[in-house]
């Protein structure tokens, strides 16, 4: 993050000019603390004298409903109701340090921690009761939110025992007291979303709803193209507008006002000239550019190359060989809630309310930007309207804080949809090349898989192949890129599962039979068999053809501890089937039905797991069929929803889910993995219907079809 330069802030009030001093360079950001967790129970949980139970976690709620699942974990161990648990989340002054909410890590890592916290609190309550009643611990039961003396029947509430004092006990070692999944009573049930009423009635306050005394609205003067430099700046006309503050700090410029209409008028009135910078290629040259700009040293780093056996020897002996190249476009996150922040300086301390997945990281960014100690920065994250991996960084927070520093008053800054499309980072584009060989009886003998730029997640094949290589090649990305739901696993599964169908066709085998023949992983076989049985794969593929061509496809995979299999039914609709007024063009594809089986260990909340799967399927439709960022000369060309197609209600097929509950296995996350099977299943269905293989995401008219 660039430092705040020593420039002036310019304040215009009715045309008068006042010069304010820039920030000083005192202080420094603290070093990263890793993901160490405080062992003291009091850092995680407090029981007030009135019995109110407050639990603290640095995780953020961005729509995945972990506020409910984590409350279930604590309530399970404390033998109380979910409604009695109040979670304080993502407040850097109140909650334990946390690296962030990403990578489907909350359920496998934070939920067990919350269970240990609940179990430790339960044991502490038993100890307090044993001392109060002077009886053995074995004579005490915790149930229904109270501690009971089994001999006398006397019961006492949690608050009466703690009297609001800290519970002096360590969380470590509480694993032995944690309830196994086979005995769950609260976890494993479809508990309702704990704050659903606030969401649907509008009582919940998102960042954009927050108001502070004396608050102003802020906006940034945006560059006309990436990396442009501010050559000249004239704010006289803007300064003539009453009650406007305009600031410039190097290439950063913006304004604040008491209302957004006046603010918009002021930004438009600023006269600025920019010096252009060399720009990356357009999306038309993207894939060639990625292949030409490989970073050899980074590509050969440990972990980027996974090799087994002798690929060349295996390819020479193969009965059938297949080489193919697959590509994936940049796509945008398009969160329901664009980036927003409210910043307030008070007595040298900065408080920022913002929607982010990494509040402690944003705290560090702010401390570094303003050269102040981290203990003088507080970041609070209200429950946020989605992120999908796109809110790891604190751009809006820093912008709001810069404007608030200049104004001397709190400032709210909300990105427009166009700003969100342009200045946020994208899901990485990529090129994937596969060389493979298969024997005449359908056993894969060679697998050579190379991903350029989009990433290494999900790159390792789950199939049983002796001779195989998987390698990620880091490249220079033309656009800013970062995390996205499923990371690179979507791209890697699309390429691999498309290729698997082509290999099956090469040896004349059914795609399901071919996969099962090459698959020894019992968990993946289980979801594959569950999905195809629910879908009716054995009969669907032999159904007589209708006037509207139909296709059936499947795909499966493993990612982040979850196992998924997806079956898709599509129809190919020629333009003349749609009505006389429709302009003739390429055939249209409509996804009619999707069946997904998913296994992520012991299921914590079945209904909300189903929601995560269905949400992944709907989101995956966009990347599969039409989402792609178009860019040229340092500008995003489709930076509005009117130009960037996202899934609509009319795109949503019939979705059926099969939940495979494994109470004998630890719970894994589910926010990402279900998305990876949709695109290859649809692509394989298109191939089944038309005989045409589409190897680019999205599968748009440049390949064969358009979305309906």
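Figures for the structure shown
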| read-out | value |
| --- | --- |
| Sole exception among (1) in contact (Cβ under 8 Å) with a residue 12 or more places away in the chain; (2) under 23 Å from residue 411 (Cα atoms) for residue 225, by number | (2) |
| Residues satisfying the stated conditions in region 181-196, i.e. without any contact (Cβ under 8 Å) to a residue 12 or more places away in the chain and either over 24 Å from the mean Cα position of the chain (by Cα) or at positive phi (or both) | 183 |
| Which numbered condition residue 335 fails, given (1) closer than 29 Å to residue 431 by Cα; (2) touching a strand residue (DSSP E or B) at 6+ places or on another chain (Cβ under 8 Å); (3) crowded, with 19+ Cβ neighbours inside 10 Å | (2) |
| Of all residues making up region 627-652, the number that are out of contact with any helix residue (DSSP H, G or I) (no Cβ under 8 Å at 6 or more places or on another chain), over 22 Å from residue 480 (Cβ atoms) and in a loop (DSSP other than H, G, I, E, B) | 2 |
| Qualifying residue in region 340-361 (condition: assigned by TED's automatic domain parsing to the domain that holds residue 213 and free of Cβ contacts under 8 Å to residues at least 24 places away in the same chain) | yes |
| Any hit, region 300-318, residues being in a strand (DSSP E or B) and more than 28 Å from residue 474 (Cβ to Cβ) | no |
| Within region 325-337, considering residues that are part of a strand (DSSP E or B) and touching a helix residue (DSSP H, G or I) at 6+ places or on another chain (Cβ under 6 Å), the one nearest to residue 637 (Cα to Cα) | 331 |
| Helices (runs of 4 or more DSSP H) completely within region 184-286 that count 1 or more residues being surrounded by 15 or more Cβ atoms within 10 Å (Cβ to Cβ) | 236-239, 260-269 |
| Hey, residue 208 touching a residue at least 60 places away in the same chain (Cβ under 8 Å) and either under 22 Å from residue 406 (Cβ atoms) or in contact with a strand residue (DSSP E or B) (Cβ under 7 Å, 6 or more places away or on another chain) (or both) or not | yes |
| All positions within region 257-300 that are over 23 Å from residue 225 (Cβ atoms) and touching a residue at least 24 places away in the same chain (Cβ under 8 Å) | 257, 258, 259, 260, 263, 265, 291, 294, 295, 298, 299 |
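For (1) over 30 Å from residue 67 (Cα atoms); (2) touching a strand residue (DSSP E or B) at 6+ places or on another chain (Cβ under 9 Å); (3) at pLDDT 95 or above, each residue gets a yes or a no:
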residue: 578; (1), (2), (3): yes, yes, no
residue: 592; (1), (2), (3): yes, yes, yes
residue: 598; (1), (2), (3): no, yes, yes
residue: 608; (1), (2), (3): no, no, yes
residue: 621; (1), (2), (3): no, yes, yes
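The values are calculated or read from the model by the stated rules, or taken from the named source; none is laboratory data. Owing to the predicted nature of the structure, the values given are computational and were not obtained by experimental measurement. Because the Cβ atoms are built from the backbone with ideal geometry, glycine has one as well, and the counts that use them run over all protein chains shown.
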